[in-house]
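The structure appears below as C-alpha cells.
Each value in this text was obtained by applying a stated rule to the coordinates, not by laboratory testing. Here the structure is a predicted model, which is why all the values come from computation and not from measurement. Reconstructed Cβ throughout: ideal geometry from the backbone, glycine too, with neighbour counts over all protein chains shown.
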Amino acid sequence: MRDITVLIVDDNPVIRQGLRSLLDAEDGIAVVGEASTGVEAIQWVRKHSTDVVLMDIRMPVIDGIGATAEILHLRPEVKVLILTVTEDPAILARSIHAGAKGYLVYSRFGPEELLDAVHAVALGKDLLPSPAVSLALADLPEEEDRSWFLEEQQLRDPLTTREEEILELIAEGRSNAEIAQALAVEEKTIKNHITRLYSKLDINNRYEAIRLKLGHRI
C-alpha cells in the first residue's frame, strides 16, 4: 500500500516544521509539499497531486477557506483537513461550505489525534465536531437559501415527514441513538429510515447530509 501524501499549508514556518516532523515520523504518511499562503497552495495543487491537505485558515491574500474551495474545484478528489485555533461556528460553516472533510482545533487535539485524522480523511471519513456543526447551522444568516437542493430532489422522490424530521436532526449533529430517543422509536428503525433517506437524496453519509442542509449540491 502506498503512503498517504500530504501538503501542509500554514503561514507560520514553525508550525509547518512541527507538522512535517510529526508526519515524517509516521509510517504510511509522506509530506510532499508545503505552502505558506492560500495562493501558494492553489499554485502547488495546479502542478502536483496529493491525498490530503492540512489547511490553516488565517493567511494573507486568500485565506484557507477560499483556498480549500479552489483546490477542490481543481482536484475534487483531494481531502482537506482544517487545522485552526478558532471554534467560531461561522468559520466552521464556511469550511463546510468550501468542502473540508475535517476540522480540528489546535487546543483540542494532540499528535495521535492528528495522525488518526489524516488517516481517516484519506479514507474518505468525515471529521466534524457534532455540537459545533449544530452551532454552525444556527449561525448561518436567515436569508440564506438552504432549501433549493432539497426542493429539487423532493420533486423527483419526496421525503416523508419522518424522513424530513430525521434529516433535520442529523444536521443538528445528533447520533442515531439520540434521534431514536428524540422520536421515541427503536434505533434500528432510525437506521432503516436513514438508509432510505440517503438513497432518495443520493448521498452516502452524515457529512453530505449536513452539506445538503447548508444548501450545497453534493
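Pull up all non-local amide H partners of Leu127: gap of 5 or more, or a different chain, and H-to-H distance under 5 Å with H placed in the peptide plane.
Sorted by chain and number, the residues that satisfy this are Gly102, Tyr103.
Rounded to the nearest Å, what's the spacing between the alpha carbon centres of the stretch 63-102 and the stretch 2-57? Just the number, please.
14 Å
Each residue of the stretch 95-105 in turn: what ³J(HN,Hα) in whole Hz from Karplus with 6.51, -1.76, 1.60 and θ = phi - 60°, glycine and Pro shown as x?
Computed from phi, the couplings for the stretch 95-105 are 5, 4, 3, 6, x, 4, 8, x, 8, 10, 9 Hz.
Apply the Karplus curve 6.51 cos²θ - 1.76 cosθ + 1.60, θ = phi - 60°, to the phi angles in the stretch 11-26 and return the couplings in whole Hz, x for Gly and Pro.
Result, rounded to whole Hz: 7, 9, x, 5, 5, 4, 5, x, 5, 4, 4, 5, 6, 5, 7, 9.
With a cap of 13 neighbouring Cβ atoms within 10 Å, and only residues DSSP puts in a loop, list the trypsin sites (Lys or Arg not before Pro) found in the stretch 1-65.
Arg2
Using a 7 Å offset from the Cα along the Cα-to-Cβ direction at both Leu22 and Thr160, what is the distance between the two label points in nm, to one decimal?
Once both label points are built, they end up 4.5 nm from each other.
Amide H of Ile29 versus every other amide H placed in the peptide plane: which residues, excluding those fewer than 5 positions away on the same chain, fall under 5 Å?
Result for Ile29 returns Ile4.
Taking amide hydrogens as modeled 1.01 Å from N in the peptide plane, which residues meet the under 5 Å criterion relative to Val53, leaving out close sequence neighbours?
So Val53 has HN proximity to Leu7, Lys79, Val80, Leu81.
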